[in-house]
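The structure appears right after this line, and notes come after that.
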Amino acid sequence: MFFQAVSQHKEESGVNLPKFYKNRVHFGFALAYNKTDFRINTVKNSAMPDTIIGDIKYGMKTIYTKSDPGFALGIISDFRLQEYLRLRFTPNISFASRNLEYTLQNANRDSTKIFKKSVESTFIILPLEIKLQSKRLDNFGAYVIGGGGYTLDLVSKKKGQAIGGANELDDAVQLKRDDFFYSGGAGVDFYLEYFKLGLEIKLLQGTKNLLQPLNNIFTKSIDKVNSRMVIFSITFEG
């Protein structure tokens, strides 16, 4: 028994949280940086609508989307299924902002109007994912993660405000409130003295068409809008 205890002590010397994998359930929290964007499918050129601004007819030329940085706060519930396989439920609240830029041009191409719309969102994100982790190497481990979930946009009914545009009739872009997504990513774990620190990068791809059908050139020029979010998270688990 003495030699076994000495041997075990030597094996665990310098190894933090040696029994971390033995626990069936872990909890923690996460801080995250995100970039949320739209994936836009426009209608066919032949179906592009026109609009009148002043006494000039304009048609849609280009539609661009640009993401702004955001952040998220979440909690972690981690359940051991097998030695290296875990089920994770990580609900979080995420703040995001995206920008749409529309370029309208007349038939003679001598007059151009640019409309910029800011679309802000506050998401409740409910992911359920499988984490496949590597065998631990001292105080380091790596993993891949994937799954899916549901998002609720708390400010989806608010209108995106047009900046720099003169057409007061076309002042709204509205998004649907609910979405479902699939996710995939990878990360690394560092086992510290009192808790496990993780670094993770993940992609969330929405599956629903979020665009609300409205009677204006901005929405009628778009066939489909999907949400896409890249998240870099720092996790703390005990």
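The values are calculated or read from the model by the stated rules, or taken from the named source; none is laboratory data. Predicted model only: the values in this text are computed from it and were never measured. Quick reminder, even Gly has a Cβ in these numbers, built from the backbone with ideal geometry, and neighbours come from all protein chains shown.
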Answer with yes or no whether Arg88 is touching a strand residue (DSSP E or B) at 6+ places or on another chain (Cβ under 7 Å), closer than 26 Å to Lys224 by Cβ, of a type in the set (Lys, Arg) and in a strand (DSSP E or B).
no
Can you tell me how many residues in the stretch 23-80 are closer than 20 Å to Lys176 by Cα and among the hydrophobic types (A, V, I, L, M, F, W, C)?
4
Condition check for Lys61: at pLDDT below 90, at negative phi, charged (D, E, K, R) and in contact with an Asp or Glu (Cβ under 7 Å, 6 or more places away or on another chain)
no
State yes or no: is Ser156 outside any loop (DSSP other than H, G, I, E, B), of a type outside the set (A, V, I, L, M, F, W, C), modelled with pLDDT under 95 and under 30 Å from Ala30 (Cα atoms)?
no
Would it be correct to say that Ile201 is over 13 Å from Gln174 (Cα atoms) and β-branched (Val, Ile, Thr)?
yes
Among the candidates Phe38, Phe95, single out the residue that is touching a Lys or Arg at 6+ places or on another chain (Cβ under 7 Å), in a strand (DSSP E or B) and of a type in the set (Phe, Trp, Tyr).
Phe38
What number of residues within the stretch 54-96 satisfy the criterion of being over 30 Å from Ala107 (Cα atoms) and among the hydroxyl-bearing types (Ser, Thr, Tyr)?
5
Selection from the stretch 210-238 of residues assigned to a loop (DSSP other than H, G, I, E, B) and crowded, with 17+ Cβ neighbours inside 10 Å yields Leu210, Ser221
